[in-house]
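Values quoted throughout were computed directly from the atomic coordinates according to the rules given, and no laboratory measurement underlies them. Here the structure is a predicted model, which means the values were calculated and not measured. Virtual Cβ from ideal backbone geometry, glycine too; neighbours counted across all protein chains shown.
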Amino acid sequence: MNRPDAHPALPTPPPEEQKMSGPHMSGQEIPAESTDGHPGRRRDASAGSWLPPEQYAETLMKATGFACVHFTDEHDRPVQLRATYSRTHPWQMPGGTMELGERPWQTAVRECHEETGIVVDGPPRLLAAVYGLPGQEWPYSTMGLVFDGGRLTDAQIQAIVLDPAEHDDVRVLSLEEWEPLMPAQDFARLEAVMRARRTGVAAYFDSWDWGEQGEQAPGPPAELP
């Protein structure tokens, strides 16, 4: 994602050019309409000047980022963890929210190790980009990346070490077996990720909206039938 300060600094015009009629731009005065793909600072029409970066930033969309790792077994059956903190979204891939200063792949590697004990090797292989609109339960948009963790052997799956504060079970099931255990939104994302693994084309999944599944307060984990 482009940052408001991602553009190269431009030289300050000499005094004679600054006297020219019409708006001019110093090194920090890049218009929001900039055609090079870098967002600039929004024009404050009432004041006749460009907003300072910190004020312009307050007008932009706010979002939280996450990253996770998708594993299957050697028969291409998804491996998922059961969360202890969500009754409505019980089955999840290893992963979590990005910390300050982290890049998505770093988050995926860290979270996977914390939640399973598995150290994922690179290079990163992207399976899906995920986006969700905010809702009553969370005021920010959600943007995340799903990376391919590859196929795990039976021994590797049996060696997974869970953090009991977050997960209490590991399951390996076919897509058909996963469907009745997951909300429709969650299963649709899993399907998109599996399709990306199969075709080699990364998925674009933009319906990970807050509140779509009637999000509830955390409670006991769902029981397997």
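Here are some notes:
- Summing +1 for each Lys or Arg and -1 for each Asp or Glu among the other residues whose beta-carbon sits under 11 angstrom from that of Thr72 gives 0.
- Surrounding net charge for Ala155, when Lys and Arg each add one and Asp and Glu each subtract one, Cβ distance under 15 Å: -2
- Nonlocal amide H pairs with Phe147, under 5 Å, H built at 1.01 Å: Cys68, Val69, His70, Leu127
- Amide proton proximity set for Val79, modelled H, under 5 Å, gap of 5+: Phe71, Thr72, Asp73
- Our coupling estimate for region 142-153, obtained by passing each phi through the Karplus curve with A = 6.51, B = -1.76, C = 1.60 and θ = phi - 60°, is 10, 10, x, 10, 10, 10, 7, x, x, 9, 9, 6 Hz, Gly and Pro reported as x.
- Charge tally for Pro104 (other residues, Cβ to Cβ under 12 Å; Lys, Arg +1; Asp, Glu -1): -1.
- Our note on the geometry: Cα centres of region 64-86 and region 119-197, 3 Å apart.
- In this structure the amide hydrogen of Asp209, modeled in the peptide plane, comes within under 5 Å of the amide hydrogens of Leu133, none closer than 5 places in sequence on its chain.
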